[in-house]
Amino acid sequence: MDSILVRGNGPLNGQIPIAGAKNACLALMPATLLSEEPLTLTNAPRLSDIRTMTQLLASLGVEVSALHDGKVLAMSSHAGINPVADYDIVRKMRASNLVLGPLLARLGHAVVSLPGGCAIGARPMDIHIDALTALGAEIELREGYLHADAKGGLRGAVHEMRFASVGATENFLMAAVLAKGTSVLKNAAREPEIVDLARCLRKMGAQIVGEGTSTIEIQGVDRLHGATHPVVTDRIELGTYMLAPAICGGEVECLGGRLELVESFAAKLDQAGISVEETERGLKVKRRNGRVNAVDVVTEPFPGFPTDLQAQMMALLCTAEGTSVLEERIFENRFMHAPELMRMGARIEVSGGQAKVHGVDKLKGAPVMATDLRASVSLILAGLAAEGETLVRRVYHLDRGYERVEEKLSAVGAKIERVKED
């Protein structure tokens, strides 16, 4: 099993290219099921989750070709589509449930296993089921599979979600574009990934307005055609690499970064004493002077502070001046990285959905274990600023969301390598 070995090595300087968004790409890929014509995605990230979605789509009968070293995905659903998404693939990744809406819209029926993924909370499927049921689908759970039918076809409806779920918003969008009549989704998620999906669907001929707001309106059409679409920049990878010079010192330019993707996060960095400057090519980040200031953080749906940057922000605040309070409002069980950071000398008190981080002068390298995707990279960031060596184990989580992390960090001066362990 692979591990990541990090040696604290002082300031980082240079440029880091930011990949296309994993979460956007995982929603865009199932959109190919909505048309018999080809869908091509450019700026695709090269990640294990993308390979898993490729396997899932292939099992449904989609032809998928990875071109230009995996940065371009050419997909075609012109052949017969299999409506069954098997457990052996779906269990590997929660985003697999995003084939449910497109399959229902295209075929009128689908059989999709309940999904798997990181152990960071229940993330229930009932929000998805309620959204699709509103469009006329009949869905029941049998032996771990969702059996969904829309015998007379999906029909437009007004539906208000009890929680602004990104995945349920995406499933509703992809189902509603081929439904008869007008659909309105209230309390819709507002994330950039939703906006990116809507833009792609519009290129394919869908009629959608309101993406990026809490109310999205969709006028159903008879069919969609092919399109070529660039995947939006990954705001979570962007935020992660913005934290590298914040933690270690130095100055790093994140190529492809846009402030509009990380405004609330950048505002917290500003409070902490970190400068974020827009450039022609991206965002340039550096620490203003001295130690980082303690700040309080509350995770919220977009445009609030992202839950997927909470673990990385905690790594920064471990050596801040004063005490910071982080409140996690999106997922339960998302402070599992705290005990690992404490192995490195951090002072953290966790109580329910809240963590108090008392800043220390220095972290010390130690063997630690990644518990989920974002926790793994938070431990790497902490290791970059710690004295001595940090060995991060179980980094198979890391490869789900960060492409070539050792290469990108090494290019700006980090001492980091992947090592094989028995």
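The values are calculated or read from the model by the stated rules, or taken from the named source; none is laboratory data. What you see is a predicted model, and the numbers here were worked out from it, not measured in a lab. We place every Cβ from the backbone using ideal geometry, glycine too, and count neighbours over all the protein chains shown. Heavy atoms of the whole protein, side chains included, go into the accessibility calculation; ligands, DNA and RNA do not. Shrake-Rupley method; radii C 1.70, N 1.55, O 1.52, S 1.80 Å.
Quick notes on this one:
- Expressed as a whole percent, the accessible area of the chain that falls on carbon and sulfur atoms is 47 (1.4 Å probe).
- Heavy atoms of the protein chains alone define the surface here; on that basis segment 22-230 has 38 Å² accessible area per residue at 1.4 Å probe size.
- Taking the centroid of alpha carbons for each part, segment 96-112 and segment 353-422 are 37 Å apart.
- Packing around the peptides 381-392, 164-175, taken as the average count of other Cβ atoms within 10 Å per residue, puts them in this order, highest first: 164-175, 381-392.
- The chain: relative contact order as a whole-number percent, Cα under 8 Å and 6+ apart: 21
- Of R51, R400, R334, the residue with the greatest mean-square motion in the GNM of the chain, using alpha carbon springs below 10 Å, is R51.
- Under the simplified labelling scheme, the V84-K186 pair shows an inter-label distance of 4.0 nm, with each label point 7 Å from Cα along Cα→Cβ.
- Each Cα pair under 8 Å and six or more residues apart adds its sequence gap; the mean of these over the residue count of segment 22-230 is a relative contact order of 20 percent.
- Amide H contacts of L154: K180, each under 5 Å away and 5 or more positions distant or on a separate chain (H built 1.01 Å from N in the peptide plane; Pro and chain starts excluded).
- Helix 192-203 vs. the chain, principal-axis angle (Cα, 0 to 90°, nearest 10): 30
- Structure note, pairs K71/K420; K362/K408; K364/K415; K362/K420: Cα-Cα distances above 19 angstrom occur for K71/K420; K362/K408; K362/K420.
- Relative contact order, percent, segment 296-422 [alpha-carbon distance under 8 Å, six or more residues apart]: 22
- Per residue, segment 299-384 exposes 34 Å² of accessible surface when a 1.4 Å probe is rolled over the protein heavy atoms with every protein chain present.
- Entry note: the chain has Rg to Rh equal to 0.98, where both radii use alpha-carbon atoms and Rh is the Kirkwood radius.
- Between R374, R142, R106, the Gaussian network model of the chain with springs among Cα atoms under 10 angstrom shows the greatest mean-square fluctuation at R142.
- Computed [θ] at 222 nm, helices only, for the chain once each DSSP H run of length n ≥ 4 contributes -39500 (n - 2.57): -8000 deg cm²/dmol
- Inter-part distance, segment 23-91 to segment 273-309, computed on C-alpha centroids, equals 33 Å.
- Taken over segment 121-204, the ratio of Cα radius of gyration to 2.2 N^0.38 Å equals 1.08.
- Spacing of the two label points (7 Å from each Cα toward its C-beta) at R329 and M342, in nm: 2.6
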